[in-house]
Amino acid sequence: MSVPAFKNSRSKVRRRRSHHALKPVQLVKDKVTGEYVLPHHATEAAPVSPAPKKAVKKAVKAEKAPKAPKAKAKEVKEAKKVEEEKK
């Protein structure tokens, strides 16, 4: 085991340990619960992050009932003519 050649001065020791000091904890007030929590940390009461918009649109489309096929323009005109003739 090696032995130090010279004694470290107080200033040398303190400079070396300058980054060892405790830093103050940054706390943020939670909007849902009102508690102070660490920033960017999820809490149990916090809502789950929302799904991407594309995923939501796909889910909504899947839930809707399939639409009936649209009538062609000619069929619509013919139906109007038939209704007018009945009157």
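Before moving on, here are some points about what is shown:
- Residue tally, condition without any contact (Cβ under 8 Å) to a residue 12 or more places away in the chain and in a loop (DSSP other than H, G, I, E, B), over segment 1-26: 14
One line per residue, one yes/no per condition, for (1) polar (S, T, N, Q); (2) surrounded by 10 or more Cβ atoms within 10 Å (Cβ to Cβ); (3) modelled with pLDDT of 65 or more:
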position	(1), (2), (3)
P4	no, no, yes
S11	yes, no, yes
A21	no, no, yes
P24	no, no, yes
V28	no, yes, yes
V37	no, yes, yes
H40	no, no, yes
K61	no, no, yes
V82	no, no, yes
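- Residues located in segment 19-38, provided they are in contact with a strand residue (DSSP E or B) (Cβ under 8 Å, 6 or more places away or on another chain) and not aromatic (F, W, Y): L27, V28, K29, D30, E35, V37, L38
The values are calculated or read from the model by the stated rules, or taken from the named source; none is laboratory data. All values reported here derive from a predicted model rather than from experimental measurement. Because the Cβ atoms are built from the backbone with ideal geometry, glycine has one as well, and the counts that use them run over all protein chains shown.
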